[in-house]
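Working notes, beginning with the structure itself.
Each value in this text was obtained by applying a stated rule to the coordinates, not by laboratory testing. Just so you know, these numbers come straight off a predicted model, no measurement behind them. Please note: Cβ atoms are built from the backbone with ideal geometry, for glycine as well, and neighbour counts cover all protein chains shown.
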Amino acid sequence: MTQDLDSKQPKPFAQTFFHGTKADLKIGDLIQPGYNSNYGKRKNAKYIFLTATLDAAIWGAELALGEGRERIYLVEPTGPIENDPDLTDKKFPGNPTQSYRSTHPFKVVGEVGSWQGHLQEQVLAMKTQLEKLKEQGIDSLNDE
């Protein structure tokens, strides 16, 4: 009798990714492109976003449009991901926020139940800055 040792070996823990939003989702749901974006011009979203840092996910939840409760989900990409050009390239070389985008769905695998948001003054300042950029015609690279 032989044992299948591979099935007994522990599997390495996969990279944890977060998605901040105001959407009410359940474990097993898929977050997919093709719906109106939570940001910018609210266009039909070509990409969806995730991050490997809790802070970036908190910003995502706090800046998302809508009336729902701010939420942060643990997600698994179902396909390739790439750097988010709004937060990388020449703006922030090396992707320090570890922010990514994809045209493939993310599977919700959990929710962060307790997290500390930014100070209201910080959120207001960020929203004001984003509004100024919008007025200057500086749009997201993700709207292309």
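The table below lists the values:
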{"item": "Pairs beyond 28 Å (Cα-Cα), from 107/134; 46/107; 22/107", "result": "107/134"}
{"item": "Net +/- balance of residues flanking residue 70 in space, Cβ distance below 9 Å, scoring K and R +1, D and E -1", "result": "+2"}
{"item": "Sum of side-chain charges, residue 117 neighbourhood, beta-carbon under 11 Å (Lys, Arg +1; Asp, Glu -1)", "result": "-3"}
{"item": "Residue 107-residue 127 pseudo-label distance in nm [points 7 Å out on the Cα-to-Cβ vector]", "result": "3.6 nm"}
{"item": "Net lengthening on full extension, residue 46/residue 115 (0.36 nm per residue, minus Cα-Cα)", "result": "22.0 nm"}
{"item": "Full-extension gain in nm, residue 69 to residue 16, via 0.36 nm per residue minus C-alpha separation", "result": "16.9 nm"}
